[in-house]
1. Once the dipole of the stretch 1-110 is set up with Lys and Arg at +1 and Asp and Glu at -1 on Cβ about the Cα centre, which of CYS5, SER87, LEU106 lies farthest towards its positive end?
2. Would you mind working out the magnitude of the charge dipole of the stretch 1-56 relative to its Cα centre, with +1 at each Lys and Arg C-beta and -1 at each Asp and Glu C-beta, to the nearest 20 Debye?
3. Which of the peptides 95-103, 107-115 is most tightly packed, and how do the rest follow, judged by the mean count of other Cβ atoms within 10 Å per residue?
4. I want to check the label-to-label distance for GLU46 and ARG118. Put each point 7 Å from Cα in the C-beta direction and report it in nm to one decimal.
5. Starting from the Cα-Cα distance between VAL3 and THR103, subtract it from 0.36 nm times their residue separation and give me the gain in nm to one decimal.
6. Could you give the size of the charge dipole of the stretch 1-112 about its Cα centre, using +1 on the Cβ of each K and R and -1 on the Cβ of each D and E, expressed in debye and rounded to the nearest 20?
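A short reminder: the numbers here are calculations on the coordinates, not readings from a lab. Treat the numbers as computed from the prediction; the structure is a model and nothing was measured. Cβ sites come from the backbone with ideal geometry, for glycine too, and all protein chains shown count toward neighbours.
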Amino acid sequence: WAVGCIFGELLNSSPLFPGENDIEQLCCVLRILGTPNERIWPGMSELPDYNKISFPENPPIPMEEVLPDASKEALSLLKKFLVYPSSQRISAKEALLDPYFFTEPLPAHHSELPIPQRSGRKMRRVQQAYEYNIDAPLEDSLIDPDILAPHVLKKS
């Protein structure tokens, strides 16, 4: 669920469910995903606190209307994350194999990602000492852990 919320926020450039408190958050979810019922969430009426609050019946808003600029692959994956019953949500392992990750634009190779600039002379030397080659096989482009060892904080 949380990954779906973050993914939706990345697609939307703002939170999908921008509630200020628990109840407002729930109202935002119900407004977009629709009010759940026993048909789409079997056993929901047996959840603790189910009878403490009720909400008006809302039909779901199609994700294509909520995120009109998102690709069909992105929307398909988002819908697999934002499913009320947790047993029916896509797993992380399945999500990584979703067609979304295999359609254009493809994810960047790790060597294409920017290296954050750090203050301090030691870190600059490490960054300058290692050259990335985008054409190198992944196993040849990994940083030698011995280079980073002096900069890694040890657990105390």
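1. Checking the options against the dipole of the stretch 1-110, the answer is SER87.
2. Its charge dipole is roughly 180 debye.
3. So the peptides 95-103, 107-115, ranked by packing, come out 95-103, 107-115.
4. Result: 5.2 nm between the two label points.
5. My answer for the length gained is 34.0 nm.
6. Using only the charged Cβ atoms, the result is roughly 280 debye.
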